[in-house]
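Asker: Attaching a single structure in C-alpha cells format; questions to follow.
The values are calculated or read from the model by the stated rules, or taken from the named source; none is laboratory data. Computed from a predicted model, the values in this text were never measured in an experiment. All Cβ positions, even for glycine, are placed from backbone atoms using ideal geometry, and neighbour counts span all protein chains on display.
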Amino acid sequence: MIIRKLFKFENAHIVRGCSSIRCRSSIHGHSYKVEVLFESNFLDNGQMVYDFGLMKQNMKSLVESFDHAITLWSGDSKEYLADMKKHSARWIELPVSPSAEQFSRVIFVMVDALLALTRKVNGEKEVKLYSIIVHETDTGYAQCFEDDAYSNSMGDIDLNDIIFSDAVKEGFADPDLFEKIKSKKTLTNPKSV
C-alpha cells in the first residue's frame, strides 16, 4: 500500500545550464508542491501504514525549510553565492543545481535519512520511502525513486554538503535536527518525525 503527504513551499533559484535563458540567468521563484509517498505491505496497530501525524514536525521542518528562501548551487560563482547569502537571511546551499529533478533527489535523501533514524513505536513495519514528487508548476513535476536519489550519475548528494542558513535552522522545531540526521543519531521521540 502507498500513502501520500503533500507539503508546499515558495522558493527562488537560478538553474544554470538549462536551455531557457530566463531560467539560467535570472533569479525566479516557484510555488512548489512536494508529495512524499511511503509504502508498506503491513499496517501498524492503528491499521495505518504510517500515521500522518508523525510527519507534522521534523519531516515538515525539512521540506518546508525551503519556504521563502533562495536555493543556491555550490558550483555557482563565489561572488554570486556570497551576494545571495549577504542579502537573504533564508538560504540553502546544495551540492547540485536546484532544478525540480534535483529538489526531488535532495528531499528524498533527507526524508529517507530521517525515516531511517526514527524509532517506530506503534507497530509500524517495513515502512519505506517510495518516492518524492516535486511539482515546480501546475503542469510539470519531477519524481524521484530510490535508484534516482542515490545515483552518482545524476550528481552525488551527501547530507554533509547541504548547508542551511542560521535563519532556516532556527525555524526547525529542533534547531539541531539536521546535525542529528547527519551524525546518524536515532530520533527517539515518536512525535519528532
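Asker: Pairs only if they're at least six apart or on different chains, beta carbon under 6 angstrom, first in segment 99-119 and within 16 Å of LYS33 (Cβ to Cβ), second acidic (Asp, Glu) and not in a helix (DSSP H, G or I); list them, first residue then second.
Answerer: Every condition considered, the pairs that remain are ALA100/GLU136.
Asker: Only residues that are of a type in the set (A, V, I, L, M), within 27 Å of ASP83 (Cα to Cα) and crowded, with 17+ Cβ neighbours inside 10 Å: list them for segment 1-49, please.
Answerer: Across segment 1-49, the qualifying residues are ALA12, ILE14, VAL15.
Asker: Same structure, new question: Give all pairs with beta carbons closer than 7 Å in which a residue from segment 63-90 that is under 14 Å from ILE162 (Cβ atoms) meets a residue that is of a type in the set (Lys, Arg) and not in a loop (DSSP other than H, G, I, E, B); count only pairs at least 6 apart in sequence or on separate chains.
Answerer: Correct list of pairs: empty, since none qualify.
Asker: Just one of SER104, SER99, SER131 is crowded, with 19+ Cβ neighbours inside 10 Å, within 19 Å of ILE181 (Cβ to Cβ) and touching a strand residue (DSSP E or B) at 6+ places or on another chain (Cβ under 9 Å); which is it?
Answerer: SER104
Asker: Separate question: Residues ALA100, ALA12: which one is small (Gly, Ala, Ser) and more than 23 Å from LYS169 (Cβ to Cβ)?
Answerer: Of ALA100, ALA12, the one residue that is small (Gly, Ala, Ser) and more than 23 Å from LYS169 (Cβ to Cβ) is ALA100.
Asker: Further question on the same structure: For segment 7-39, what are the residues that are under 21 Å from the mean Cα position of the chain (by Cα) and of a type in the set (Gly, Ala, Ser)?
Answerer: Listed by number, the residues that qualify are ALA12, GLY29, SER31.
Residues are listed down the side, and each one gets a yes or a no for (1) more than 24 Å from TRP73 (Cβ to Cβ); (2) of a type outside the set (Lys, Arg); (3) not in a strand (DSSP E or B):
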site	(1), (2), (3)
ARG105	no, no, yes
LEU114	no, yes, yes
TYR130	yes, yes, no
GLN143	no, yes, no
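Asker: Further question on the same structure: Check off (1) crowded, with 20+ Cβ neighbours inside 10 Å; (2) at pLDDT 95 or above; (3) of a type outside the set (Ser, Thr, Tyr) for GLU124 and give me the number that stays unchecked.
Answerer: (2)
Asker: Let me ask something additional. Sort out which residues of segment 168-181 are out of contact with any Phe, Trp or Tyr (no Cβ under 8 Å at 6 or more places or on another chain) and either touching a residue at least 60 places away in the same chain (Cβ under 8 Å) or within 16 Å of PHE66 (Cβ to Cβ) (or both), and write them in order of number.
Answerer: Across segment 168-181, the qualifying residues are GLU170, GLY171, ALA173, ASP174, LEU177, LYS180, ILE181.
Asker: Output the residues belonging to segment 52-100 that are in a helix (DSSP H, G or I) and modelled with pLDDT under 95.
Answerer: PHE52, GLY53, LEU54, MET55, ASN58, MET59, LYS60, SER61, LEU62, VAL63, GLU64, listed by residue number.
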